[in-house]
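Enquirer: Sending over a structure as structure tokens; questions will come in a sec.
Quick note: the coordinates plus some simple rules give every number you see, no bench work behind them. Treat the numbers as computed from the prediction; the structure is a model and nothing was measured. Note that each Cβ is placed from the backbone with ideal geometry, even for glycine, and that neighbours are counted across all protein chains shown.
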Amino acid sequence: SIPYIVGSKSFTAVAVNTASKAGEWVKSRLGAIQNVNLKTSTSDLVTEVDKGTETLIRNLIKTHFPTHAILGEEGVGAGSTASAKALQEMIQEEYLWIIDPIDGTTNFVHGFPFFCVSIALAHRGEVIVGVVYDPMLDEMFVAEKGKGAYVKGHTTHVSGEKELSHALVATGFPVDHTVNLPRNMAEISQLVAKVRNIRSGGSAALHLAYVAAGRLSGFWEHGLSAWDIAAGSLLVQESGGVVTDTEGKPFTLAVRNVIATNGHIHKAMISELTEANAAG
Ligand code: 2AM
Ligand code: CA
Ligand code: CA
Ligand code: CA
């Protein structure tokens, strides 16, 4: 079994404390951003707060676990996702922290209060701790592999809707306008008439936390990276939900196109997505 405690330091305690400090910092910078830079397009933003917060998180993790590897969005070359090869190498590491200092940067820049800090710890490619922290609502979502998930002292459970017609689902509009956006549009057209409604809040990690907490019945998005989904995937699984790729293949950290649901609507959602793509 995996040791959750090394010396006196619990992995989960370090993840939670780090996310808390990072989230407080991000919140304190809301409305005080100095520089917004474009990465790949006018929809792909980064601020000095993203970079500073990633440095803060890296330093705190290194203080406690100097031998652990760290993969973070802003530590990778500008505008790039970690190459498949680099990711495959990194997930061999015994312990790999996977961090997104601000998930929902566009929201952060515009003052739309839906963004979070995402911190996960993977043991040889399997996520064992996942923490998503929303500093605006002061909600710390925490999951430990095999031990469940909780927020503010309450165990989280996915929602109970069994029919698509009763489901509230979310998606994210892809920044990549070539392949992923047309596909996503076809899927939205297909699903919007089948489900109760669709939301797009702009933070994949927070959407996953909301599936875990039963506030959304499901979520899917194309073109995501490991740091968007590492923590949130464990939250959903430990809350009784299901996470796969959009074709239904098992979840790994290398999956780009993700669907997470309460389990009951998983097959039905995948078949609607498949139908949308066949028609498109
Ligand atoms: P970010 O805010 O950390 O960049 C919104 O649909 C989701 O997509 C967010 O989780 C956002 O993460 C992510 N995202 C933003 N730009 C992206 C890009 N260029 N490629 C992939 N995902 C991106
Ligand atoms: Ca980004
Ligand atoms: Ca992200
Ligand atoms: Ca980010």
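Enquirer: Starting with the highest mean, order 110-116, 47-53 by the number of other Cβ atoms within 10 Å, averaged over the residues of each peptide.
Expert: 47-53, 110-116
Enquirer: Expressed as a whole number of Å, what is the distance separating the alpha-carbon centroids of the range 178-192 and the range 209-265?
Expert: Taking the Cα centre of each part, the range 209-265 and the range 178-192 sit 18 Å apart.
Enquirer: Mind putting a number on the dipole of the range 157-280 about its Cα centre? Charges go on the C-beta only, +1 for Lys and Arg and -1 for Asp and Glu, and I need it in Debye to the nearest 20.
Expert: 180
Enquirer: Continuing with the same structure: Going by alpha carbons, how many degrees (0 to 90, nearest 10) lie between the helix axis of 48-64 and the longest principal axis of the chain?
Expert: On a 0 to 90 degree scale, this one is about 60.
Enquirer: Okay, moving on. What size of dipole, in debye to the nearest 20, comes out for the chain about its Cα centre when the only charges are +1 on Lys and Arg C-beta atoms and -1 on Asp and Glu C-beta atoms?
Expert: Here the chain has a charge dipole of around 320 debye.
Enquirer: In degrees between 0 and 90, to the nearest 10, how far off the longest principal axis of the chain does helix 180-192 point, with axes built from Cα atoms?
Expert: That works out to roughly 60 degrees.
Enquirer: While we're looking at this one, here's another question. Treating only the Cβ atoms of Lys and Arg (+1) and Asp and Glu (-1) as charged, compute the dipole magnitude of the range 64-185 about its Cα centre; round to the nearest 20 debye.
Expert: So the dipole magnitude of the range 64-185 works out to roughly 240 debye.
Enquirer: To continue, here is another question. Under Stokes-Einstein, with the Kirkwood radius over Cα pairs standing in for Rh, what whole-number D in µm²/s applies to the chain at 10 °C and 1.306 mPa s?
Expert: Translational diffusion coefficient: 85 µm²/s.
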